[in-house]
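First up is the structure itself, then whatever we jot down about it.
Coordinate-derived values only; no laboratory data. Not measured: the values here are computed from a predicted model. Note that we place each Cβ from the backbone using ideal geometry, even for glycine, and neighbour counts take in every protein chain shown.
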Amino acid sequence: MMASSSVCNPSLPIHHHHNPSAANTTASVFAGTGGGSMVTAKKKVAVIGAGAAGLVAARELEREGHRVVVFERGEKAGGTWVYDPSTETDPLGIDPCRKVVHSSLYRSLRTNLPREIMGFLDFPFSIKEGRDLRRFPGYQEVELYLDDFAAESDVLKAIRFRTEVFHVGMMEGGKWVVKSRRDFGEDVAVDVNEIYDGVVVCSGHYAEPRIAEVPGVERWPGEQIHSHNYRIPEPFQDKVVIVIGSSESAADISREISKVAKEVHVSSRSALDRFGKKFYGHENMWLHSMIQGTHEDGTVVFQDGTSVIANVILHCTGYKYHFPFLETNGAVTVDDNRVGPLYKHVFPPSLGPWLSFVGLPWKTIPFPMMELQCKWVAGALSERIALPSEEEMMKDVEAFYSRIAAMGYPKHYTHNISGCQFEYFDWLATECGYPKGEEWRKEMYFANTRNKTENPDTYREEWEDHDLISQAHEEFSRLKQQHSVKNM
Ligand code: FAD
């Protein structure tokens, strides 16, 4: 896990050079959210995906005056938060021919962030009568919240459902061709080729599993599954289960399985001093080091010298960034889970602002981050916000990569912003002329992180940051008042 030190020093100067514009710019006057009017250049923009990122991208782009089409291969908006009880044909999720199931949610999933900080900055994730009132609600409540957000922002009309983008490519003159296939059911599909000024990639990054290398597993007789295809604990009844990983999903899933399984053995890279010990309060759950080897008789041997005969290995080992539709002639690549080069995780220096990625950073608070990234993208596309020159952006990216290397972090930590997320948020906000984040948000994030680490079994029910909750509610009522005044 990354220490608190920061690999991304976002406190860099703000540049205001002008980027050469692509053609097709119709000037229009737009009353911005700040209340003033501004001249923007309208662009035709394709957004890929209608999860939280795609929805807020559509809202910000439309606010800026752009013409937006959102492509969504699913039947409804919400992305990850639309639970799908079905799983993939390959439980490990590595067969390239498998039918992809997008969502990785399990049935018992509740948020791991308190709702006060999880919501978009100007659309709080408030408690609604008759719904899930809990501070860490179940996934259905997040889906309903995103439905409310989509309705309130009036972006549903921009979404083409059941429409998968299968190719995004560059054209001469800086435009983009977007090829999509609309599924009308019963084997009827229609392909459409269109040209756009800009493309915003909001396709998510929790659908392409990353698997742990387990020595000897080819001959090991047990079952293997990735958490992407985990839904309910019942199939693990009376089994001996190895859970690999120490992520949030590993913590939740191992605890849930332990209620029905015979034994659960969590194999983790971290927490060295606790290897071989039982989890506090769990009689049938042990922590181990990494797996050293597996054998034909079902034995799994850990590096700490212990071994068990197991039935299942459950990989909670994360996901890969995956953009099978994107063709940039090498301008953007994915190398050991580094999507790059990207200026501040969003724009490829040679292609910004015409191509952008929203939502890549992890170990963060995703919704507000994506909202700020989208404000930046929308403003950069209309040239209201200037990007630095390609050379300057590239220099910044290279310096960032050198810092990561110097700190000894692997490339696949590039988008882990746990050490600097609030600086990153503030940097984005400043770039967009938006206020910096309130102090209570940061304090609440850290209070929750501490509580989760110290009390993994109870953090969703018991907490001590009551004063921060009051501050949050004060801010939300101020927002509500402003909103009703604006709409008078
Ligand atoms: P997604 O929600 O994945 O949406 C991407 C959309 O793009 C999907 O609808 C997909 O169908 C569509 N798409 C992809 N490719 C194409 C294509 N080629 N053509 C057309 N459409 C396409 N975040 C929190 O804030 N709090 C939590 O408690 C929390 N818990 C989580 C638990 C789990 C198990 C997981 C996996 C994630 C969790 N997250 C949580 C993070 C969560 O992913 C984000 O909150 C957010 O949903 C990401 O939104 P997104 O729009 O970037 O991606």
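List of remarks:
- Built amide H within the under 5 Å cut-off of Leu355, gap 5+: Val199
- Distant-in-sequence amide H partners of Val70 (H built 1.01 Å from N, under 5 Å): Val47, Ile159, Arg160
- The stretch between Ser470 and Lys128 holds 121.4 nm of extra length on full extension. This uses 0.36 nm per residue minus the Cα-Cα distance.
- The residue list His66, Tyr319, Asn193 was ranked by how far each Cα lies along the charge dipole of the chain toward its positive end, using unit charges on Cβ atoms, and His66 comes out on top.
- The protection proxy used here, the mean number of other Cβ atoms lying within 10 Å of each residue, ranks peptides 72-85, 159-172, 126-139 as follows, highest first: 72-85, 159-172, 126-139.
- Burial ranking of peptide ranges 428-435, 116-123 (average Cβ count within 10 Å, highest at the top): 116-123, 428-435
- DSSP bridge pairs, the range 260-320: antiparallel proportion in percent, nearest 5: 65
- Working ranking of peptides 348-360, 214-226 by packing, defined as the average number of other Cβ atoms within 10 Å per residue, highest first, is 348-360, 214-226.
- Sites Arg182 and Ala151, calculated FRET efficiency, Cβ-Cβ separation with R0 22 Å, nearest 0.05: 0.45
- Eligible lysines near Lys452 by straight Cα distance, threshold 23 Å, same-chain separation 8 or greater: Lys259, Lys277, Lys278, Lys363, Lys442
- The range 362-488, dipole about Cα centre (Lys/Arg Cβ +1, Asp/Glu Cβ -1), debye to the nearest 20: 300
- Pairs of Cα atoms nearer than 8 Å and 6+ residues apart set the relative contact order; for the range 290-406 it is 14 percent.
- Length added when fully stretched, Glu213-Glu172, from 0.36 nm per residue minus Cα-Cα: 10.5 nm
- For the chain, the relative contact order comes to 19 percent (Cα pairs under 8 Å, sequence separation of at least 6).
- Modelled spin-label separation between Arg269 and Val308, with each label point placed 7 Å from Cα along the Cα-to-Cβ direction: 2.2 nm.
- Helical mean residue ellipticity (222 nm; -39500 (n - 2.57) per DSSP H run of 4+; nearest 500) of the chain: -8000 deg cm²/dmol
- In order along the range 307-312, the phi-based Karplus estimate (6.51 cos²θ - 1.76 cosθ + 1.60, θ = phi - 60°) of 3J(HN,Hα) comes to 8, 9, 8, 10, 9, 9 Hz; Gly and Pro are listed as x.
- Pairwise FRET efficiency - Ala331 versus Ala189, Cβ, R0 = 30 Å, nearest 0.05: 0.50
- The largest-to-smallest principal axis extents of the Cα set in the chain are 70, 52, 51 Å.
- When each of Lys76/Lys436; Lys43/Lys375; Lys43/Lys344 is checked by Cα-Cα distance, pairs over 25 Å: Lys76/Lys436
- Taking the DSSP bridge list for the chain and keeping only pairs wholly inside it, about 50 percent are antiparallel.
- Mean Cα-pair separation over length for the range 364-488, i.e. relative contact order, pairs under 8 Å, 6 or more apart, %: 22
- Prolate/oblate/rounded call for the range 61-114, Cα gyration tensor, a/c under 1.5 rounded: oblate
- Close amide H partners of Gln292, meaning residues 5 or more places away or on another chain with modelled amide H under 5 Å apart, are Val301, Phe302, Gln303.
- For the chain, the Cβ-based charge dipole about the Cα centre amounts to some 500 debye (Lys, Arg positive; Asp, Glu negative; other atoms uncharged).
- Reducing the range 377-404 and the range 306-362 to their Cα centroids gives an inter-centroid distance of 19 Å.
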